[in-house]
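One structure is given below, encoded as structure tokens.
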Amino acid sequence: MLLATLCGACFPVYKTRRPEAILAVRDTASRPLAGARVILVTSRYPYGREFARDTLLSDSAGVVRFARRRAWEMETLMIHGAWVYAWHWCVEAPGHDAFDSRRASGRFQPRTELRLGAGTAERCTAR
């Protein structure tokens, strides 16, 4: 009886698990950085755990393109009955400072340009 009641409050939702995202990686002189390792990290809330990491290398123009990924999910009208997705960038390039957008102010920008200064790249770590 309880299960039937709970399932009566379930409904399907077509969610974006990864947005279409394009990032151009440049050095401080605006030259493209080919071969930069770009990670698009997906976190899932209400618990804020890392859900997925998608990694691409920038092309000769310093650009990476991630295709949107969507899926059907069941949600309920109860507390914590829905997943909310959030994203951030992490970028590493040899001879350049690493960038983690969690440390930068502002919201996730799915289409943006990033400039990396010279330095020692640190690894992108899990949250």
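The values are calculated or read from the model by the stated rules, or taken from the named source; none is laboratory data. Not measured: the values here are computed from a predicted model. Please note: Cβ atoms are built from the backbone with ideal geometry, for glycine as well, and neighbour counts cover all protein chains shown. Note: areas computed on protein heavy atoms with side chains; ligands, DNA, RNA excluded. Shrake-Rupley method; radii C 1.70, N 1.55, O 1.52, S 1.80 Å.
Observations on the model:
- The single residue among Arg123, Arg115 that is farther than 17 Å from Glu20 by Cα, within 19 Å of the chain's Cα centre (by Cα), part of a loop (DSSP other than H, G, I, E, B) and not small (Gly, Ala, Ser) turns out to be Arg123.
- Within segment 72-91, considering residues that are within 16 Å of the chain's Cα centre (by Cα) and open to solvent by less than 20 Å² (accessible area, probe 1.4 Å), the one farthest from Gly119 (Cα to Cα): His88
- Inter-residue pairs, beta-carbon under 9 Å, first over 25 Å from Trp89 (Cα atoms) and in segment 66-78, second among the β-branched types (Val, Ile, Thr) and open to solvent by less than 60 Å² (accessible area, probe 1.4 Å), 6+ apart: Met74/Val13; Glu75/Val13
- Enumeration of residues in segment 26-64 that are open to solvent by 70 Å² or more (accessible area, probe 1.4 Å), in contact (Cβ under 8 Å) with a residue 40 or more places away in the chain and among the small types (Gly, Ala, Ser): none
- Number of positions in segment 96-127 that are modelled with pLDDT of 90 or more and among the small types (Gly, Ala, Ser): 0
- Flag: Asp27 does not match the condition of being among the acidic types (Asp, Glu), closer than 27 Å to Gly117 by Cα and under 16 Å from the mean Cα position of the chain (by Cα).
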